[in-house]
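The values are calculated or read from the model by the stated rules, or taken from the named source; none is laboratory data. Every value quoted in this text rests on a predicted model; they were computed, and no experiment measured them. Methodologically, a virtual Cβ is constructed for each residue, glycine included, from the backbone with ideal geometry; neighbour enumeration extends over all protein chains shown. To get the accessible areas, we keep the full protein, side chains included, count just its heavy atoms, and leave off ligands, DNA and RNA. Shrake-Rupley method; radii C 1.70, N 1.55, O 1.52, S 1.80 Å.
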Amino acid sequence: DTAVSQTPKYLVTQMGNDKSIKCEQNLGHDTMYWYKQDSKKFLKIMFSYNNKELIINETVPNRFSPKSPDKAHLNLHINSLELGDSAVYFCASSQPRGEAFFGQGTRLTVV
Amino acid sequence: GIQVEQSPPDLILQEGANSTLRCNFSDSVNNLQWFHQNPWGQLINLFYIPSGTKQNGRLSATTVATERYSLLYISSSQTTDSGVYFCAVCYSGAGSYQLTFGKGTKLSVIP
């Protein structure tokens, strides 16, 4: 009965590949997010979806694309992976201005 | 955008000691959260505290929104308290809501 779940937990892939990370929330929240945590532990927002509409895109390269098939899911697709994409990616959800809950994170390693 | 500053950046405590972590923010916010990132990388919700004071066991938090700061108190620290503590604020910019994180306080509790 995990509130926000993302898969996979670990992802190791070669440069140039395309990969996806899936996220699902069962909290009935209207807004979902993707955050990137770099090697210095800094958490920065990448995308925010509210009722299936993209409302924030924080200068993320267009190789990254969020896809929301429904309100409970927000997947992250990454094309042409680069070494610099290695990081931990967190999915989260909340009601607008409400308490946010995070998934367990996906550690992406590009080799 | 809004600036979130946490202090101290690093803290080493003897088990049983008390500590206070501080979060300053540069603009009015809709809400504020404290998270604990444990050594396994999970982001655990500690407090959702736009204003006032809350307590949960050995932890308590106070937010003074008018003065743009929040404090997290840890009493009788235990080794399991080790990890990184993040403050995150939600503010409305351009009609959207996003959670902006501070850089965190890394806490090490030694036996």
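Just so you know, in segment A:33-51 the residues that are open to solvent by 30 Å² or more (accessible area, probe 1.4 Å), more than 10 Å from chain B (Cβ to nearest Cβ) and touching a residue at least 40 places away in the same chain (Cβ under 8 Å) include one that is farthest from the chain's Cα centre (by Cα), and it is A:Ser39. Taking segment B:1-100 as the region of interest, the strands (runs of 3 or more DSSP E) fully inside it that hold 2 or more residues being open to solvent by 80 Å² or more (accessible area, probe 1.4 Å) are B:10-14, B:52-56.
Here B:Ser76 fulfils each of the conditions (1) touching a Lys or Arg at 6+ places or on another chain (Cβ under 9 Å); (2) closer than 17 Å to B:Phe101 by Cα apart from (2). Restricting attention to segment A:58-108, the residues that are more than 8 Å from chain B (Cβ to nearest Cβ), hydroxyl-bearing (Ser, Thr, Tyr) and open to solvent by less than 50 Å² (accessible area, probe 1.4 Å) add up to 6.
The set of residues in segment B:44-59 that are closer than 30 Å to A:Ser5 by Cβ and not aliphatic (A, V, I, L, M) comprises B:Asn45, B:Phe47, B:Tyr48, B:Pro50, B:Lys54, B:Gln55, B:Asn56, B:Gly57, B:Arg58. Number of residues in segment B:101-110 that are open to solvent by 60 Å² or more (accessible area, probe 1.4 Å) and at the interface with chain A (Cβ under 9 Å from one of its Cβ atoms): the value is 2.
On the given criteria, is A:Leu54 part of a strand (DSSP E or B), surrounded by fewer than 20 Cβ atoms within 10 Å (Cβ to Cβ) and modelled with pLDDT of 95 or more? Judged against the criteria, A:Leu54 is not a match. Screening B:Gly52, B:Gly57, B:Gly104 for residues that are at pLDDT 95 or above and in contact with a Phe, Trp or Tyr (Cβ under 9 Å, 6 or more places away or on another chain) leaves exactly one candidate, B:Gly104. A single member of A:Met15, A:Met46 is on the phi < 0 side of the Ramachandran plot, touching an Asp or Glu at 6+ places or on another chain (Cβ under 9 Å) and either part of a loop (DSSP other than H, G, I, E, B) or among the aromatic types (Phe, Trp, Tyr) (or both), and it is A:Met15. Spot the failing condition for B:Cys23; the list is (1) hydrophobic (A, V, I, L, M, F, W, C); (2) more than 21 Å from A:Asp38 (Cβ to Cβ); (3) away from every other protein chain (no Cβ under 13 Å), and only one is missed. Here B:Cys23 clears every test but (2).
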